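This report refers to the structure that appears directly beneath it.
The values are calculated or read from the model by the stated rules, or taken from the named source; none is laboratory data. The shown structure was predicted, so the numbers you read here are calculated from the model rather than taken from an experiment. Every residue, glycine among them, receives a Cβ derived from its backbone with ideal geometry; neighbour counts consider all protein chains shown. All accessible areas refer to the heavy atoms of the entire protein, side chains included, with ligands and DNA or RNA removed. Shrake-Rupley method; radii C 1.70, N 1.55, O 1.52, S 1.80 Å.
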Amino acid sequence: MKTTKTVAWVVALGALGSLFLSCSQTPAACQVGAAGADGYATKFTVMGAVPACAMMPGFSVLQMGDIIGMQTYHPATAGAEGSTTYNIHITTLALQSDTLGMEAEAYEAYTPPGYTPPNLQTPAQVTAAAGQHLYSAAQFTDEDPGPNFQCPVTNSSWQPAMQSFTAVAAEPAGPMDMPPALPALPADAWEYQWSNMQVYVTAADQGVQFASDLTLTETLGGTSCAVPYHVVGLWPAVSCSRQITDGSFVPDLDMCNPCAEPDLGRATGSGISPDAQTACVQLFSMTDPRGPYFCVLAGESDPPVLNPHPPTCEGNIVSLGSGTGGAPGTGMGGAPGTGGAPGTGGAGTGGGESGDAGDGG
């Protein structure tokens, strides 16, 4: 049972000496980084050629990445005498795009709104919006990780996120620009179809890395455009956008640092697992309110993307690979080094990649 495994894990963590004598980690149940705490910084890579429709005016289906919020829960079942129980052996996964959530907020701001949240919909709106929701949902194939500590999600269980927004007219600004003027927005619709998802889960890294395929479809002006992506995510989502004197942003890999650096004004570390090998890359436009650059998994490999020489925090000092193989904002990784030895900017040591190109619930 999952409860028994959890208790065993806690006991094992309390007995640190026995952990160091063990050759393997205590198993952890399939899980994800909770959206209530943060989302996943997710890098999108187009599979194949970019469709011509994605370059048409008005379309925003071609994306560099997103913040994906995830949450797991156990389905409710009817118990004896009308009671409700929860099947702990079945884990349902719900996830939502931050970008889609931001679009919903934008359309909701109009009068009348182009989007109404489900809890505020009239009966007629509920009927009209049947089958639409901002989130996607599926089930883990098993309650425990399989080979290579991967937790696969059953493809046939996916419910895609499907949401349409009605066109809204421009609205003038209020007194002293409060509220600000709003531009006209066209009717727009989205579908997020996920597949082949796997979440990496160990006792040390509890669902903080995932990989998946995603077909993202936007319908604008009666024309639909679908772009297939391969996506890789890292939890928590940490911005590595540093604002400079002219107001613009540059990538700063040190903001991905798992260790505190009080001398630089960072009282705590990034929250990213020191086991993860990271890079600072651009996920959003330079004017996006979330900032353009985020800490993501380095390289092009699927999880686990692990640092062979995890940084160690000693007081206020962090031991990191110096890196020589890239522009500022490239991979973070191994033990100190400057040349071609481990710990430099080479493959598997944190060389990573240069910056190349919303939390849901």
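Of all residues in the stretch 82-136, those satisfying the criterion of being of a type outside the set (A, V, I, L, M), under 14 Å from Gly69 (Cβ atoms) and open to solvent by less than 30 Å² (accessible area, probe 1.4 Å) are Ser97, Asp98, Gly101, Ser136. Listed by first and then second residue, the pairs linking a residue in the stretch 269-286 that is closer than 12 Å to Val250 by Cα and open to solvent by less than 20 Å² (accessible area, probe 1.4 Å) to a residue that is at pLDDT 95 or above and among the basic types (Lys, Arg), with Cβ atoms under 9 Å apart and 6 or more places separating them unless they lie on different chains, are Val281/Lys43.
Checking each residue in the stretch 287-302 for being of a type in the set (Ser, Thr, Tyr) and surrounded by fewer than 24 Cβ atoms within 10 Å (Cβ to Cβ) picks out Thr287, Ser301. Within the stretch 280-308, the residues that satisfy the criterion of being among the aliphatic types (A, V, I, L, M) and over 24 Å from Cys151 (Cα atoms) are Val281, Leu283, Met286. Residues considered: Ala237, Ala260, Ala267. Of these, the only one that is under 30 Å from Ser195 (Cα atoms) and not β-branched (Val, Ile, Thr) is Ala237. Inspection of the stretch 209-216 identifies no residue that is open to solvent by 40 Å² or more (accessible area, probe 1.4 Å), modelled with pLDDT of 95 or more and more than 21 Å from Val46 (Cα to Cα). In a residue-by-residue description of the stretch 233-256, the property of being closer than 23 Å to Ala49 by Cα and either at pLDDT 95 or above or open to solvent by 10 Å² or more (accessible area, probe 1.4 Å) (or both) applies to at least one position.
Within the stretch 137-158, track down each residue that is touching a strand residue (DSSP E or B) at 6+ places or on another chain (Cβ under 6 Å) and exposed (fewer than 15 other Cβ atoms within 10 Å of the Cβ). Correct list: Thr154, Asn155, Ser157. Answer yes or no: is there a residue in the stretch 176-188 that is at pLDDT 95 or above and at positive phi. No.
Somewhere in the stretch 64-84, is a residue part of a loop (DSSP other than H, G, I, E, B) and touching a His at 6+ places or on another chain (Cβ under 6 Å)? Before you say what the answer is, go through the steps one by one.
Our first condition is that a residue be part of a loop (DSSP other than H, G, I, E, B); within the stretch 64-84, this holds for 64, 74-75, 79, 83.
Right, trim to touching a His at 6+ places or on another chain (Cβ under 6 Å) and you get none.
Checked against the condition, which is being part of a loop (DSSP other than H, G, I, E, B) and touching a His at 6+ places or on another chain (Cβ under 6 Å), the stretch 64-84 yields no hits at all.
The set of residues from the stretch 202-255 being out of contact with any helix residue (DSSP H, G or I) (no Cβ under 8 Å at 6 or more places or on another chain) and among the acidic types (Asp, Glu) comprises Asp205, Asp213, Glu218, Asp246, Asp252.
Residues in the stretch 35-71 that are among the hydroxyl-bearing types (Ser, Thr, Tyr) and surrounded by 20 or more Cβ atoms within 10 Å (Cβ to Cβ): Tyr40, Thr42. If only residues of the stretch 256-287 that are aliphatic (A, V, I, L, M) and out of contact with any Leu (no Cβ under 9 Å at 6 or more places or on another chain) are counted, the one that is nearest to Ile68 (Cα to Cα) is Leu283.
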